[in-house]
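Enquirer: After the structure tokens below, expect a handful of questions from me.
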Amino acid sequence: MATAASTNGSTAGFSVRVATIQDNLSEADEGFRLTLARTAGNALSATTNAQATIVDDDGGKPRIAIDDVAVDESAGTAVFTVRLTQASNQTVTVDWATRQSADAPATAGTDYTAGSGTLTFLPGETVKTITIAIAADADTTAIEKFEVLLTEASNAVIEDGIGIGTIADDDTGGTTAVVISNPLLTEGQDAVFSAVFTRTLTAATAFQLKLTPGSAAAGSDYAGQIEYSLDGGSTWTVYTAGSNITAATGSNGFLVRAHSMNDTAVELAETFSLGVTRVSGNQFSAVTGGVATIMGDDNRAALVSVGDVNVDESAGTAAFTLTLSRPSSDPVTVTWSTAAGSATAGTDYTTSGGTVTFAPGTISQTISVPILNDGDNTALETFFVNLTSATGALLGDRQGVATSSTTTPTTPPA
């Protein structure tokens, strides 16, 4: 039992702290409650249970993404890969469904078979596939597209929810294009690009290759060295910048790979691209695709959460603490705004909002909301601070509760 000592009329309170235990599990945020029960002394008009939230610093919910696929229409199927950034100790589910693309749309029932379903990742699983049947037709359109859309994830956050399926035509007549896949990978894996010709080559054709950084940086996120394969991946050759690779007559494509680099930075997905330039041989109407996405495996992006606060209405401000689950190597910004509970905006507190920025390495920031002493003898009043969006991090506990108590002293029981 704890005893709080105070002088007559004092509104001072006391603090309680409880140690938490560190583990290495990726899990949802967890909570426990502190209950205050008076055993002697001043009568209290009301007490509240305090909720403590343990924000998982092993990444909380994993991120989930689907890759893009490029296939020849004679392949029979298009296989999409869906990945979690890391294994979870919870079952993860996500719904999926095909839909027509707005760009060069393929037709369901003619070019591909429409489908839908639910993927289930059991604890420890990180990779699932979705197989869509495609059909060869007599249409000579070089490229047709459809999409697989991810929705309604449980115990995971959808990061890239649209997989684009590109079907390359294999009929004679019409134009020829190069369709490059958009690989999805985790840090330390190879990005393997498949360059598919929409028609087999009628002459030996030379190409040059080039990697271009997007949000990923050459030398730190991916290696600058490129390898290529002209025999479906059986043998690989190191590519020399500025040189030509030659695909033989009758070829329907080639493979290119680049190695991504594993670092310890906590970061969101990053991209780089492969450029393919024809030098001689067959003419091509277009070259499409070629964007690789690296999903970080460093327990994913940081989570930003806001805590609750208890204040006396005479304090003048309620200070909410914003916390990142771990330091980030990039700036993190969070937008926030207040919302009324039982307290009234303009009477009990001042409507507020804005943006908070965490500099790299910073894990704590404070939001101050002015509160007003209105003389109302209501024992407890509440309002909220809501986190509405974040860049450079994901939102964890999005709502902080401020509980304001009256300054009117209570009278001890006779």
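Enquirer: Name, by its number, the condition in (1) assigned to a strand (DSSP E or B); (2) surrounded by fewer than 20 Cβ atoms within 10 Å (Cβ to Cβ) that does not hold for SER220.
Expert: (1)
Enquirer: Which of the residues belonging to segment 117-128 are hydroxyl-bearing (Ser, Thr, Tyr) and modelled with pLDDT under 95? Step through it out loud before you land on a result.
Expert: Pass one, segment 117-128, residues hydroxyl-bearing (Ser, Thr, Tyr): 118, 120, 126.
The answer is THR126, and nothing else.
Enquirer: Looking for whichever is over 30 Å from ILE64 (Cβ atoms), at pLDDT 90 or above, of a type outside the set (A, V, I, L, M) and not assigned by TED's automatic domain parsing to the domain that holds ALA104 here; the options are TYR239, TYR222. Which one fits?
Expert: TYR239
Enquirer: Any residue in segment 330-343 that's within 17 Å of VAL356 (Cβ to Cβ): show its pairings with residues that are among the charged types (D, E, K, R) at Cβ separation under 9 Å, as long as the two are six or more apart or on different chains.
Expert: ASP330/GLU267
Enquirer: Just give me the residues in segment 186-217 being surrounded by 15 or more Cβ atoms within 10 Å (Cβ to Cβ), of a type in the set (A, V, I, L, M, F, W, C) and either farther than 21 Å from ARG278 by Cα or in the same structural domain as ILE64 (by TED's automatic domain parsing) (or both), in sequence order.
Expert: Residues satisfying the conditions are ALA191, ALA216.
Enquirer: Still on this structure, please answer the following. Taking strands (runs of 3 or more DSSP E) that fall entirely within segment 250-343, which contain at least 1 residues that are at pLDDT 90 or above, farther than 30 Å from SER215 by Cα and more than 25 Å from the chain's Cα centre (by Cα)?
Expert: Correct list: 270-280, 309-312, 317-324, 332-340.
Enquirer: Here's a follow-up. Just the residues that are of a type in the set (Gly, Ala, Ser) and in contact with a Gly (Cβ under 9 Å, 6 or more places away or on another chain), please, taken from segment 63-77.
Expert: If we filter segment 63-77 for residues that are of a type in the set (Gly, Ala, Ser), which is where we start, we get 65, 70, 74-76.
The answer is ALA65, ALA70.
Enquirer: Being free of Cβ contacts under 8 Å to residues at least 24 places away in the same chain and surrounded by 13 or more Cβ atoms within 10 Å (Cβ to Cβ) is the filter; apply it to segment 108-123 and report the residue that is farthest from GLY76 (Cα to Cα).
Expert: Among those that are free of Cβ contacts under 8 Å to residues at least 24 places away in the same chain and surrounded by 13 or more Cβ atoms within 10 Å (Cβ to Cβ), it is SER116.
Enquirer: Scan segment 344-357 for residues that are loosely packed, with under 13 Cβ neighbours inside 10 Å and part of a loop (DSSP other than H, G, I, E, B) and jot them down.
Expert: Within segment 344-357, the first condition is being loosely packed, with under 13 Cβ neighbours inside 10 Å, and the residues that meet it are 346-347, 354-355, 357.
Result: GLY346, THR347.
Enquirer: Can you tell me which residue within segment 393-410, out of those that are assigned to a loop (DSSP other than H, G, I, E, B) and within 39 Å of the chain's Cα centre (by Cα), is modelled with the highest pLDDT?
Expert: Within segment 393-410, the first condition is being assigned to a loop (DSSP other than H, G, I, E, B), and the residues that meet it are 393, 396-398, 406-410.
So of that shortlist, the ones also within 39 Å of the chain's Cα centre (by Cα) come out as 393, 396-398.
Working: ALA393: 81, GLY396: 77, ASP397: 83, ARG398: 86.
Per the criteria, the residue is ARG398.
Enquirer: Output the residues belonging to segment 69-96 that are among the hydrophobic types (A, V, I, L, M, F, W, C) and farther than 24 Å from THR186 by Cα.
Expert: Matches in segment 69-96: ALA75 only.
Enquirer: Considering every residue within segment 66-78, establish whether at least one is part of a strand (DSSP E or B), hydrophobic (A, V, I, L, M, F, W, C) and in contact with an Asp or Glu (Cβ under 8 Å, 6 or more places away or on another chain).
Expert: Checked against the condition, which is being part of a strand (DSSP E or B), hydrophobic (A, V, I, L, M, F, W, C) and in contact with an Asp or Glu (Cβ under 8 Å, 6 or more places away or on another chain), segment 66-78 yields at least one hit.
Enquirer: For a quick check of your reading of the model, give me the residue pairs whose first member lies in segment 189-216 and is of a type in the set (Asp, Glu), whose second is in a strand (DSSP E or B), with beta-carbon atoms closer than 6 Å and at least 6 apart or on different chains.
Expert: Between residues of segment 189-216 that are of a type in the set (Asp, Glu) and residues that are in a strand (DSSP E or B), the close pairs are ASP190/ARG257; ASP190/HIS259.
The values are calculated or read from the model by the stated rules, or taken from the named source; none is laboratory data. All values derive from a computational prediction rather than experimental measurement. Backbone-built Cβ (ideal geometry, glycine too); neighbour counts: all protein chains shown.
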